[in-house]
Amino acid sequence: KTKYSKLVFKKSDTVPEELHQMVQEGFLTLRKHDCFFQDLVRIKGRDFVTPVSRILIGNPGCTYKYLNTRLFTVPWPTEGYDIKYCSPQMHDACKALIRLNDYLHVEAVKALQGQNLFETKEIKDSTVIDREQNFATSLTEKGSVSKDQSSCCVPEDNYISLKNRTSYNLTLLNYMDPLQMLYLKQEPYFGMGNMAVSWHHDENLVERSTVAVYSYSCEGSTVEGSSEQKLKGRDPAVWHVGLKVAWDIETPGLAIPLHQGDFYLMLDDLNLTHQHCVLAGFSPRFSSTHRVAECSRGTLEYILGQCELALQNLQTDSDSMALSLKSLETAVIKQVEEIHNEVEFEWLRQFWFQGKRYLKCTDWWLKPMAKLEEFWRKMEIMTSLVLSEVGKEEQIEEQRTETISCLLLVLTERQKLRNEWTER
C-alpha cells in the first residue's frame with residue numbers, strides 16, 4: 001500500500017469470458033501465422049536481438065519506437081480506413097485486440113478515478129461521488145462525452161487529462177517460450193529467478209499515462225508448483241511481473257504471479273518512479289501491453305506533412321519542366337535537409353531493415369512507403385540543386401559560406417547514419 005499503491009492487479013475471473021476467448025484465439029492465430037518477430041535493437045551503439053518475439057497492433061499509421069527501433073502498427077479494424085488483411089482470421093485477431101483495448105481503457109479510467117476519489121473523498125459530498133462513479137461508463141459509450149455531460153462529473157481539464165492518459169493507441173504483443181531459450185538472465189537484486197525481460201521503464205509514452213497488460217500463459221498440468229517451493233519464494237513454474245522502486249534495492253521488490261487471463265495496470269507515474277521486469281515461468285506466454293504512445297512525431301500523417309513542407313521549396317518551370325529551388329535562405333535549406341534525414345532514417349530505413357515481415361499480416365504500409373520514397377527522391381534532387389547553386393561563381397561569399405557550413409553538418413550526419421544502417 002505504501003510503495004506500490006499505483007499498481008492495480010485483476011484476476012482473470014473479473015474479465016468477461018467471451019473477451020478471454022476472442023483474445024486468446026487471436027494470440028494463437030498470430031502465432032500460427034508466424035507473426036511474432038524478434039527485434040534487432042540498439043543499446044549503447046551495439047545491436048542485440050530481443051529474446052522475446054513481438055508484434056505491434058494499433059491505430060492505422062501509428063508507430064512505436066524503443067531502443068532505436070521503430071515498429072509499425074499492423075492496423076486494427078478502424079472506421080474510415082480500408083485495411084486488407086491476409087486472412088479473415090487475421091482480421092478477427094486484430095478485432096479482438098481492439099475489443100480488449102476498449103475494455104482496458106474503461107478499467108483504467110475506473111481505477112484512476114478510484115484513486116482520485118480515495119484521496120479527496122473527505123471533502124466531497126456524496127452526490128458528486130455518485131455522479132463520478134457513472135462517469136467511467138459514460139466515457140466509453142460513445143468514445144467521448146459532450147461538455148455539458150462531462151462537467152457534471154469532473155472538471156473539463158481533469159476529464160481531458162483522464163481521457164488522454166488512458167486512450168491506448170496501440171498494443172505491443174509479446175510471445176516467449178522459455179523452454180526454447182538456452183539462457184535466461186537471473187534477477188540480480190532480490191533473487192527472483194529467471195528473467196524473460198530485465199528491469200526497465202517503458203519508453204516513448206505520454207507523460208503519466210497508464211500502461212495495461214493482459215497476460216496469457218499456456219498453462220498445463222505441470223504449472224501448479226509444490227507448496228515447498230512456495231515457502232521458499234516464488235513458484236518458478238509460474239510467470240510473474242516484478243516491480244521495484246527505481247534506483248532503490250533497499251525497498252523490497254514485488255513479484256506478482258500471472259495466471260491465464262490476469263491483467264494489471266500501472267497507473268499515473270508508476271512507470272517513471274518504478275521499474276518492472278518479467279519473470280519467466282515454464283510454459284509459453286503471450287502478453288498484450290496497451291500503451292498511450294507519444295507519437296507526435298511518429299505517425300504517418302506527421303511525416304507526410306513534413307515532406308509536403310519540405311517540397312514547398314521545389315518548383316518546376318512550366319516551359320522547360322526544369323526543377324529549381326524557390327529559396328536559398330539558410331533556414332529553409334536546413335529545414336528541408338533535416339526533413340530529408342528524418343524521412344530516410346526514421347521511416348524508410350526503419351521500415352525496410354526489419355524485412356517484409358508486416359506482409360504476413362497486411363500490405364497496408366506499402367502504399368505509404370512508396371509515397372515516402374517518392375518524396376525522398378525529390379529531396380535527393382533538392383540536395384544536389386543546393387550543391388550546384390553553392391558552386392556558382394556569382395554567389396555572395398558570405399552567404400555561400402553560411403550555406404556550406406549549415407549543409408555540411410546535415411550531410412555529415414547523413415553519411416554517418418548511412419554507414420550505421422549499412423552495418424545494421
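Amide hydrogen proximity for Val238: with H placed 1.01 Å from N in the peptide plane, the residues at 5 or more positions away or on another chain lying under 5 Å are Phe282. Pairwise alpha-carbon distances in the chain exceed 37 Å for 36% of all pairs. Extension gain for Glu374-Arg42 works out to 116.7 nm (0.36 nm per residue, less the C-alpha to C-alpha distance).
When each of the peptides 310-322, 200-212, 11-23, 66-78 is scored by how many other beta carbons lie within 10 Å of its residues on average, the order from highest to lowest is 66-78, 200-212, 11-23, 310-322. Partners of Lys44 within straight-line reach, counting aspartates and glutamates whose Cα lies under 16 Å from its Cα and excluding those fewer than 8 residues away in the same chain: Glu203, Glu420, Glu423.
Relative to the dominant Cα principal axis of the chain, helix 88-120 is inclined by about 70°. On full extension, the segment bounded by Met181 and Ile404 gains 75.1 nm, given 0.36 nm per residue less the C-alpha separation. When you filter the trypsin sites (Lys or Arg not before Pro) in segment 269-360 for DSSP loop state and at most 13 other Cβ atoms inside 10 Å of their Cβ, you are left with Arg297, Lys326, Lys356. Look at where the Cα atoms of segment 64-90 and of segment 355-424 average out, and the two centres are 27 Å apart.
With all protein chains in place and a 1.4 Å probe, the accessible surface of segment 300-423 carries 54 percent carbon and sulfur.
For the peptides 271-278, 402-409, the ranking by packing is 271-278, 402-409, with the highest mean count of neighbouring Cβ atoms within 10 Å listed first.
The candidates Tyr4, Tyr189, arranged from most to least accessible area with a 1.4 Å probe in the full protein assembly, appear as Tyr189, Tyr4. Note the angle between two axes, namely the Cα long axis of helix 330-342 and the longest principal axis of the Cα atoms of the chain, as a number of degrees from 0 to 90, rounded to the nearest 10. That helix lies at roughly 50 degrees to the long axis. Given a 1.4 Å probe and the protein chains as shown, Ile160 ends up with an accessible area of around 80 Å². Taking packing as the residue-averaged number of other Cβ atoms within 10 angstrom, the listed peptides 245-255, 169-179 run from highest to lowest as 169-179, 245-255.
Taking every DSSP helix (H) stretch of at least 4 residues in the chain, weighting each as -39,500 (n - 2.57) and dividing the sum by the residue count yields a mean residue ellipticity at 222 nm of -12500 deg cm²/dmol. Between Glu394, Glu344, Glu219, the Gaussian network model of the chain with springs among Cα atoms under 10 angstrom shows the greatest mean-square fluctuation at Glu394.
Computed from phi, the 3J(HN,Hα) profile of segment 164-179 under the Karplus parametrisation 6.51, -1.76, 1.60 (θ = phi - 60°) reads 4, 8, 10, 7, 5, 9, 6, 10, 9, 8, 10, 9, 8, 10, x, 6 Hz, with x in place of Gly and Pro. Classify segment 1-101 as rounded, prolate or oblate, taking a ≥ b ≥ c as the square roots of the eigenvalues of its Cα gyration tensor: rounded when a/c is under 1.5, otherwise prolate if a/b is larger than b/c and oblate if not. Oblate, because a/c is 1.5 or more while a/b does not exceed b/c. With axes computed from alpha carbons, what is the tilt in degrees of helix 366-390 against the longest principal axis of the chain, rounded to the nearest 10 within 0 to 90? Value to nearest ten degrees: 40.
Annotation: extensible slack from Glu203 through Glu329 equals 41.7 nm (criterion: 0.36 nm per residue apart, minus Cα-Cα distance). For the cross-link pairs Lys65/Lys371; Lys95/Lys367; Lys11/Lys95; Lys32/Lys360, the ones whose C-alpha atoms lie over 18 Å apart are Lys65/Lys371; Lys95/Lys367; Lys11/Lys95.
Could you give the accessible area per residue of segment 300-423, probe 1.4 Å, as a whole number in Å²?
Here the per-residue accessible area is 56 Å².
The values are calculated or read from the model by the stated rules, or taken from the named source; none is laboratory data. What you are looking at is a predicted structure, and each value in this text was computed from that prediction instead of being measured. Don't worry about glycine lacking a Cβ; one is built from the backbone with ideal geometry, like all the others, and counts go over all protein chains shown. Heavy atoms of the whole protein, side chains included, go into the accessibility calculation; ligands, DNA and RNA do not. Shrake-Rupley method; radii C 1.70, N 1.55, O 1.52, S 1.80 Å.
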